[in-house]
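Every number here is computed from the coordinates shown, using simple stated rules; none is lab data. Everything numeric in this text was worked out from a predicted model, so none of it was measured. Ideal geometry is used to build each Cβ from the backbone, glycine not excepted, and the neighbour counts take in all protein chains shown.
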Amino acid sequence: MNAGDRRDRAAGLLLGAALGDALGARFEGMSAVRAERLDEVETSGEELRYTDDTVLTLVLAEHLVEQEPGSGIRSQDLALGFARAWRAEPGRGWGGSIGNVFRAVLAGSEWSSAARSSFGGQGSYGNGAAMRVSPVALVAPTAPEAAALGQRSGEVTHAHPDGSHAAAVQACAVHLALSTTPGTAFDADRFLDGVASCCPDSRWISLLERTRATPRSSSPGEAAERLGNDVTAPGSVPLALFAFLRHPDSPREAVRFAIAAGGDTDTIGSMAGALAGARCGATALPPGPLRRLEGAARLRELGSLLASG
Ligand code: F2R
Ligand code: MG
Ligand code: MG
């Protein structure tokens, strides 16, 4: 892949994630979303504002830009970066309990004890670690290294294994999507084998097998019925993967599929958008909505910086 293509794919990854978030944000919590409603949002002249998913993706991307190549993550700094963004932008639709983790970090707690403090000490298995993880795929040399870095970035706030493992799975999947060649046949089984080989535990292997076994012709509603569409990590990452497997060559259709399924539409749309944007690049994103996307210039710039780092 030449440098221009790599920059386009990196921009596609970040912009696809933000676009999925901003388009899905209008429908978060609804049971299903009709195509006409999605058409309205795509074509209205309004700015497409992103939510917590993209706020935290930006924090992680900025953190990675500041790092020496190959030096990983500074967990306490990253936790503070997330917490300061939460404090600065309270109206971005945050998860129900994540504020307790951020409050503890801002009060001086070490990240690991802050993350363990929620849900009676078990930590969160919300999808917040997976929804923000996509930039790690741009700095990790291999898919297993992306999974390991994703896991570390996830543990900073999500101490429950289901929460942090989800970040490993999504990071690995985005890395693999980046290494596919757009315009050539997409081998879904090979892709899922690759994700499974990075998988941190048997629970996620079985979630991937359930994703593989879901008929590719399923409607958004049928896919949500089998795979879930809620704010938990196990109840949302599989549907985002499925939306990408269903429409690997169209970021627009992958995101629309994810949103049409209802539930946690911004987050599942964002994770599907990251995957399809990574494979297809920014040039394949729908131009109208992209022009109206909040923060698009900075996301594109961060993609370039991370792609060339
Ligand atoms: N939460 C939302 N949107 C609904 C609220 C919107 C808001 N009212 C508004 O309109 O402004 N969106 C965002 O939250 C999800 C990411 O969540 P995150 O960051 O993981 O947060 P949290 O609070 O840790 O987990 C989310 C929920 O998951 C359940 N949960 C997690 N761990 C649990 C555990 N150990 N035991 C039981 N339940 C657990 C809880 O219901 C948490 O509230 C994204 O959708 C993002 O867009
Ligand atoms: Mg959100
Ligand atoms: Mg959400």
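Structure above, values below:
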| item | result |
| --- | --- |
| Residue-averaged 222 nm ellipticity for the chain, from DSSP H runs of 4+ at -39500 (n - 2.57), nearest 500 | -19500 deg cm²/dmol |
| Cysteines without a disulfide-compatible neighbour (Cβ-Cβ under 4.7 Å), the chain | CYS199, CYS280 |
| Whether the stretch 255-305 is rounded, prolate or oblate, judged on the alpha carbon gyration tensor where a/c under 1.5 counts as rounded | prolate |
| Stokes-Einstein diffusion coefficient of the chain, Kirkwood radius over Cα pairs, 25 °C, 0.890 mPa s, in µm²/s | 133 µm²/s |
| Other-chain or far-sequence residues with amide H under 5 Å of LEU293's (modelled H) | LEU48 |
| The stretch 135-150 - phi-based ³J(HN,Hα) in whole Hz, Karplus 6.51/-1.76/1.60, Gly and Pro as x | x, 5, 5, 7, 10, 7, x, 10, 5, x, 5, 4, 4, 5, 5, x |
| Ratio of the Cα radius of gyration of the stretch 16-92 to 2.2 N^0.38 Å, where N counts its residues | 1.38 |
| Per residue, the convex hull volume that the Cα atoms of the stretch 1-146 enclose (Å³) | 153 Å³ |
| Ranked MET1, MET271, criterion: other C-beta atoms within 10 Å, fewest first | MET1, MET271 |
| Over the stretch 110-208, equivalent-ellipsoid semi-axes from the Cα gyration tensor in Å | 26, 14, 9 |
| THR43-ARG298 FRET efficiency (beta carbon distance; Förster radius 35 Å; 0.05 resolution) | 0.90 |
| Equivalent ellipsoid semi-axes - Cα gyration tensor, the stretch 159-254, angstrom | 20, 17, 12 |
| Cβ crowding within 10 Å averaged over residues, with 134-147, 96-109, 116-129 ranked highest first | 134-147, 116-129, 96-109 |
| The stretch 98-147: projected area of the alpha-carbon convex hull, averaged over directions, in nm² | 4.3 nm² |
| Inter-site label distance for SER97 and PHE119 at 7 Å from Cα along Cβ, in nm | 0.6 nm |
| Contour minus Cα-Cα distance for LEU305 and SER179 (0.36 nm per residue) | 43.5 nm |
| Projected area averaged over orientations for the stretch 176-309, convex hull of C-alpha atoms, nm² | 8.5 nm² |
